[in-house]
Amino acid sequence: MGTLSELHFVMVPHPAQGHIIPMVDVARLIGARGPRVTVVTTPVNAARNRATVDGARRAGLPLELLELPFSGPQHGLPEGIEAVDQLTGHELGMFLSFFHATWNLAGPLEEYIRALPRLPVCLVADMCNPWTAAVCERLGIPRLVMHCPSAYFQLAVNCLTAHGVYDRVDEMEPFEVPGFPVRAVGTKATFRGFFQYPGVEKEYRDTIEAEATADGLLFNTFRGIEGTFLDAYASALGKKTWAVGPTCASSTMADDADSKAGRGKPADVDAGHIVSWLDARPPASVLYVSFGSISQLTTKQFAKLARGLEASGRPFVWAIKEAKADAAVRALLDEEGFEARVKDRALLVRGWAPQVTILSHPAVGGFLTHCGWNGTLETLSLGVPTLTWPTIADQFCSEQLLVDVLGVGVRSGAKLPAWYLPTEAEGVQVESGDVEKAVAELMGDTPEAAARRSRAKELAAKARTAMEEGGSSYSDLTDMIRYVSELSRKRSLEIDAMPFAAAELGSNKGEKIEADAALSVQS
Ligand code: UDP
């Protein structure tokens, strides 16, 4: 009889922080149930995530990183550029080359799998990695697509496509999303799907096709907040769909302090220093400000935000990744004296901040966020209400979910991706007075602010329950492991019945994963 530890999952994240972090989390959750899990990535990304994976291994989880060479330089990218957040300055125009370089991982990945003594039970691929479809098809391996944005966003894009709205309306023409479970209003600019841009039509078709042919879909979310959207999406696509998050709320993620602080990348500041700084503040008094790993404000908008935070009079921690490469930002912080003026009540992190360490501290009472889906789930899991400032992609949908559906957010007033606002002056969507007002609204003592805080706490409790044994996300993960194990067993039987295909697969063709193993997964 097989055991869970005989199962092997291969996870293929997209090389961006907002995709690798949740994929590594899911790898840890699967590993905690027994199967061996290999996370496939490139050398730079492997180095960034090694501390987390090593921490998981120390805790006894059968996790490993597989480094595959990245062909960026063959596509004109400088050596060492292997993650989306590194595409700044000159490299920004090389987005497409970057994607094509990731798609070149197919050959080395297939070689790796062919050399294994037995086939993996399942490959879990980020939705941005449609190139994995052909690899899995050739090898007969079940494949799941993992979506890193919300189900709300995926469903909205699906409804807009199905109803032909994208073809019908002008770029800035407001519309209501048809056939959607809640009232959602926006424009094409705020409801664009991944790869739904001119020039990447083939890549877009590939992702849609790879999703349509997948054996199921994984979401980092939970039914307590997104059940309606998940069910509607599953039925629109006719796919098995599992919600296994929010991963950050699982006790499996209750790492030692070091792994938590190094989540996604080693922090550019001593986490212990931040914790001591927060320890000295009253509960729920500090605003945490971060725009995630990619989103950038224009220089003028950055200055308005700085002035607004200063005028708010509240203590804050601000993760300023721009401070590393942007001279104008450094000038504002240093020569123009911003940091000196706020030093008694603000802590500026120049680079990567230990976000979950900060958000989980009781002194933090609000999060000014760009509404990336991971940050959104982290703040929901930790019961921190939000000041929402979306900038691109699915972030406008996360804002709607936080503010309109869940009632835990206050809007900053940002309405469009910055590239829709051609001049520097137009690039300012939120004035410093707006920031000051929104911070007061979020952090203040009004009954509305208190209600937001208490809803945030309720949702955090629900998130934890979903991840505990017997919770909806815990059960969905159990079901997913059972389902793919069974599917893998069936596929390997089919392959055995096809002598030519079996011969082509080589040494690992006939290894069957016992269904018994899957059936012994705890429910
Ligand atoms: N993050 C972090 N420190 C930073 C910036 C981001 O730890 O200084 C983490 C954050 O906790 C989240 C991820 O990076 O897990 C960013 O993902 P999200 O979806 O929020 O935004 P994205 O960067 O993809 O826009």
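Solvent-accessible area per residue in segment 392-487 equals 44 Å², computed with a 1.4 angstrom probe and all protein chains kept. If the segment from residue 205 to residue 344 were pulled out straight at 0.36 nm per residue, it would be longer than the present Cα-Cα gap by 44.8 nm. Peptide packing: for 471-479, 94-102, the average count of neighbouring Cβ atoms within 10 Å per residue gives the ranking 471-479, 94-102, highest mean first.
Each peptide in 428-434, 462-468, 291-297 receives the mean, over its residues, of other Cβ atoms within 10 Å, and ordering these scores from highest gives 291-297, 462-468, 428-434. Ordered from largest to smallest accessible area (heavy atoms of protein chains, 1.4 Å probe), the residues 486, 448, 226 come out as 448, 486, 226.
Each Cα pair under 8 Å and six or more residues apart adds its separation to the average, and for the chain the resulting relative contact order is 17 percent.
Dividing the mean sequence gap of close Cα pairs (under 8 Å, 6+ apart) by how many residues segment 146-202 holds gives a relative contact order of 30 percent. Note on residue 3 and residue 79: the extension gain reaches 23.1 nm, defined as 0.36 nm multiplied by sequence separation minus the Cα-Cα distance. The three principal axes of the C-alpha atoms in the chain carry coordinate ranges of 73, 49, 46 Å, sorted with the longest axis first.
Segment 269-331 and segment 1-80 have Cα centres spaced 30 Å apart. Hey, with R₀ at 22 Å, roughly what FRET efficiency would residue 446 and residue 280 work out to, going by the Cβ-Cβ distance, to 0.05? Plugging the Cβ-Cβ distance into 1/(1 + (r/R0)^6) gives 0.25. The lysines whose alpha-carbon is closer than 27 Å to the alpha-carbon of residue 437, local same-chain residues fewer than 8 away aside, are 300, 304, 321, 343, 415, 457. Would you work out if segment 154-232 is rounded, prolate or oblate? Take a ≥ b ≥ c from the square roots of the eigenvalues of the alpha-carbon gyration tensor; rounded if a/c is under 1.5, else prolate when a/b is larger than b/c, oblate otherwise. Oblate. How far is helix 472-496 tilted off the main Cα axis of the chain, in degrees rounded to 10, range 0 to 90? Approximately 30 degrees, to the nearest 10.
Peptides 214-224, 357-367, 76-86 ranked from most to least packed by the mean count of surrounding Cβ atoms within 10 Å: 214-224, 357-367, 76-86. Taking only protein heavy atoms and a 1.4 Å probe, the accessible area of the chain is 54% carbon and sulfur. Accessible area per residue for segment 137-209, computed on protein heavy atoms with a 1.4 Å probe, is 44 Å².
The values are calculated or read from the model by the stated rules, or taken from the named source; none is laboratory data. Keep in mind it's a predicted model, so treat the numbers as computed, not measured. Neighbour counts are summed over all protein chains in view; Cβ atoms, including those assigned to glycine, are modelled from backbone coordinates with ideal geometry. These accessible areas exclude ligands, DNA and RNA; they are computed on the full protein's heavy atoms, side chains included. Shrake-Rupley method; radii C 1.70, N 1.55, O 1.52, S 1.80 Å.
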